[in-house]
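Asker: Sharing a structure here in structure tokens format.
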Amino acid sequence: MAQDGLAGRLVHAYRRSEAARGLLLLSPTLAIMLTALAAPMVLLALYSFWTQDGYALNTQPTLAQYATSLGRPTYRALFYRSIEISAVVTFITVLLAYPMAYFVAFRVEKTKFVWLILLTIPFWTSYLLRVFAWKLILGYNGVINSGLMSLGLIRQPLEFLLYNPTAVVVTLAHAWAPFAILPIYVSLEKIDRSLLDAAADLGDGPVRRFLRVTLPLSLPGVIGAAVLIFVPTTGDYVTPTLVGGSGGVMIANVIEEQFDKVGNWPLGAALAMASMAAVGIVTFLFVAAMRAAAARIR
């Protein structure tokens with residue numbers, strides 16, 4: 001009877017609580033998130049406080065791996081290079097994506113669906129294939145060198161096109177462009193057109209109307225696009241491996257080597273945790289700066 005009474009109270013509380021019904025509805029997703037995301041993160045954090053003694057794993061907590069990660073000049077240089085490359089990729093991608101998103105949001109009227117489908121075409125192929133495509137374009141005997149030589153503009157293939165940070169920036173900017181266009185487009189599409197008409201009635205020209213109305217109201221999409229690009233590109237190791245060469249190596253390549261080749265998982269985990277912390281700090285500062293800039297414009 002007591003159990004029936006307790007069960008009845010729980011069922012009654014569940015029926016009355018909207019939050020409890022929502023949590024129950026989300027429970028499969030939460031279970032997957034905890035298993036697939038939170039658990040590996042906890043394991044990674046634990047490994048970062050351990051040490052590798054030969055083939056044995058010493059589970060005595062220590063900050064030695066973090067001291068190595070932050071104290072070794074090579075790792076600090078790779079941190080800075082990764083942040084710099086990702087920041088340049090983010091800036092170029094958003095700069096190129098904004099006009100495309102603006103065109104679709106404000107100039108296209110009847111065929112927006114077709115344009116949105118066209119914007120997703122890069123997703124129809126593998127990310128790896130897109131990186132290999134740029135390797136063929138920028139390579140020693142690639143499309144650019146072959147074209148310039150066939151036109152008689154150069155006698156020898158240009159060697160600086162591939163295996164450098166610029167090649168990494170170009171490849172990443174192309175690979176992540178759709179991720180920038182779509183959030184900006186959504187933000188532009190939500191702008192109330194009557195505000196633009198009101199600004200025009202008050203005497204604002206196209207440039208002033210864009211700077212005072214369109215740009216500030218589209219900043220949430222710009223910020224979202226920038227974060228969507230900056231965070232994953234900092235941790236990308238495929239593109240630097242294929243087109244970066246020794247000059248385009250990023251911190252993710254070293255983390256991958258520590259796990260797969262060197263076998264020093266604690267140091268790899270500490271580098272990964274430090275990298276995530278650095279990305280989080282830079283992202284927070286960027287978002288705060290953009291919000292402050294938006295508030296100042298308004």
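The values are calculated or read from the model by the stated rules, or taken from the named source; none is laboratory data. No experiment lies behind these values; they were computed from the predicted model shown. Cβ coordinates were reconstructed from backbone atoms using ideal geometry, including for glycine residues, and neighbour counts include every protein chain displayed. Accessible surface is based on the protein model in full, side chains and every heavy atom, while ligands, DNA and RNA are left aside. Shrake-Rupley method; radii C 1.70, N 1.55, O 1.52, S 1.80 Å.
Asker: Among 204, 236, which is the only one that is outside any helix (DSSP H, G or I) and surrounded by 20 or more Cβ atoms within 10 Å (Cβ to Cβ)?
Answerer: Values: 204 fails: surrounded by 20 or more Cβ atoms within 10 Å (Cβ to Cβ).
When all the criteria are applied, what remains is 236.
Asker: Could you list all residues from segment 63-110 that are basic (Lys, Arg) and under 25 Å from residue 177 (Cβ atoms)? Show your work before the answer.
Answerer: Initially, segment 63-110 is screened for residues basic (Lys, Arg), giving 72, 76, 81, 107, 110.
Within segment 63-110, 81, 107, 110 qualify.
Asker: Among the residues that make up segment 106-117, is at least one of them surrounded by 13 or more Cβ atoms within 10 Å (Cβ to Cβ) and not in a helix (DSSP H, G or I)?
Answerer: Of segment 106-117, the ones surrounded by 13 or more Cβ atoms within 10 Å (Cβ to Cβ) are 106, 108, 112, 115-116.
Checking the rest, the ones that are also not in a helix (DSSP H, G or I) come to 108.
Yes: one or more hits.
Asker: In this structure, does residue 158 turn out to be farther than 30 Å from residue 78 by Cα, open to solvent by 40 Å² or more (accessible area, probe 1.4 Å) and not charged (D, E, K, R)?
Answerer: Here the answer is no, as residue 158 does not meet what is asked.
Asker: I'm told residue 191 meets every condition in (1) in contact (Cβ under 8 Å) with a residue 24 or more places away in the chain; (2) assigned to a helix (DSSP H, G or I); (3) open to solvent by less than 70 Å² (accessible area, probe 1.4 Å); (4) more than 30 Å from residue 140 (Cα to Cα) except one. Can you identify the failing condition by its number?
Answerer: Against the list (1) in contact (Cβ under 8 Å) with a residue 24 or more places away in the chain; (2) assigned to a helix (DSSP H, G or I); (3) open to solvent by less than 70 Å² (accessible area, probe 1.4 Å); (4) more than 30 Å from residue 140 (Cα to Cα), residue 191 comes up short only on (2).
Asker: Which is modelled with pLDDT under 90, part of a helix (DSSP H, G or I) and more than 19 Å from the chain's Cα centre (by Cα), of 267, 211? If you could, list the steps in order and put the result at the bottom.
Answerer: Working: 267 fails: modelled with pLDDT under 90.
Of the residues listed, the single one that is modelled with pLDDT under 90, part of a helix (DSSP H, G or I) and more than 19 Å from the chain's Cα centre (by Cα) is 211.
Asker: A further question on this structure: Got at least one residue in segment 130-146 being among the hydroxyl-bearing types (Ser, Thr, Tyr), without any contact (Cβ under 8 Å) to a residue 24 or more places away in the chain and over 30 Å from residue 214 (Cβ atoms)? Break it down into steps so the answer makes sense when it comes.
Answerer: We begin by selecting, within segment 130-146, every residue among the hydroxyl-bearing types (Ser, Thr, Tyr); these are 140, 146.
Filter again for without any contact (Cβ under 8 Å) to a residue 24 or more places away in the chain, leaving 140, 146.
Okay, now just the ones that are also over 30 Å from residue 214 (Cβ atoms), so 140, 146.
There is at least one residue in segment 130-146 that is among the hydroxyl-bearing types (Ser, Thr, Tyr), without any contact (Cβ under 8 Å) to a residue 24 or more places away in the chain and over 30 Å from residue 214 (Cβ atoms).
Asker: Output the number of residues of segment 141-155 satisfying the condition of being open to solvent by less than 100 Å² (accessible area, probe 1.4 Å) and more than 17 Å from residue 167 (Cα to Cα).
Answerer: 7
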